[in-house]
Amino acid sequence: MAAKNASCLFCKIIEGSIPSHKVIETELTYAFLDIGPLSKGHTLVIPKHHGAKLHEIPDNYLADLLPTANKIIKALGPENYNLLQNNGRIAHQVI
């Protein structure tokens, strides 16, 4: 993992110190099932680079997020789905 933060929940999940149900992992991305799913198959797809907001993530990590999400969509085969990205408390980013 490139940049990480010792107090970040997602960084701890990526490094394995907090268990998760991994769906897929690439060199730059980690995807796992949400512990409080809003729907069947609710998956978090996160970059392996620490950043609280989208603009803090390097472009090469961002470029891997959608192809990874697309693999999950194709594997699960949902008829309908949402792709969301929340940045900050007012945008309902809660970890």
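The values are calculated or read from the model by the stated rules, or taken from the named source; none is laboratory data. What you see is a predicted model, and the numbers here were worked out from it, not measured in a lab. FYI the Cβ positions are ideal-geometry reconstructions off the backbone, even for glycines, and counts take in every protein chain you see.
Observations
For every residue, the table says whether it meets (1) among the basic types (Lys, Arg); (2) surrounded by fewer than 12 Cβ atoms within 10 Å (Cβ to Cβ).
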| residue | (1), (2) |
| --- | --- |
| LYS4 | yes, no |
| PHE10 | no, no |
| GLU25 | no, no |
| GLY36 | no, yes |
| ILE46 | no, no |
| LYS71 | yes, no |
| LYS74 | yes, yes |
| GLU79 | no, yes |
| ASN86 | no, no |
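- Some residue of region 14-21 being touching a helix residue (DSSP H, G or I) at 6+ places or on another chain (Cβ under 6 Å), farther than 15 Å from GLN85 by Cα and either of a type in the set (A, V, I, L, M, F, W, C) or buried (at least 16 other Cβ atoms within 10 Å of the Cβ) (or both): yes
- Pair list, Cβ under 8 Å, 6 or more apart: region 57-79 residue modelled with pLDDT of 95 or more, other residue in a helix (DSSP H, G or I): LEU62/LEU54
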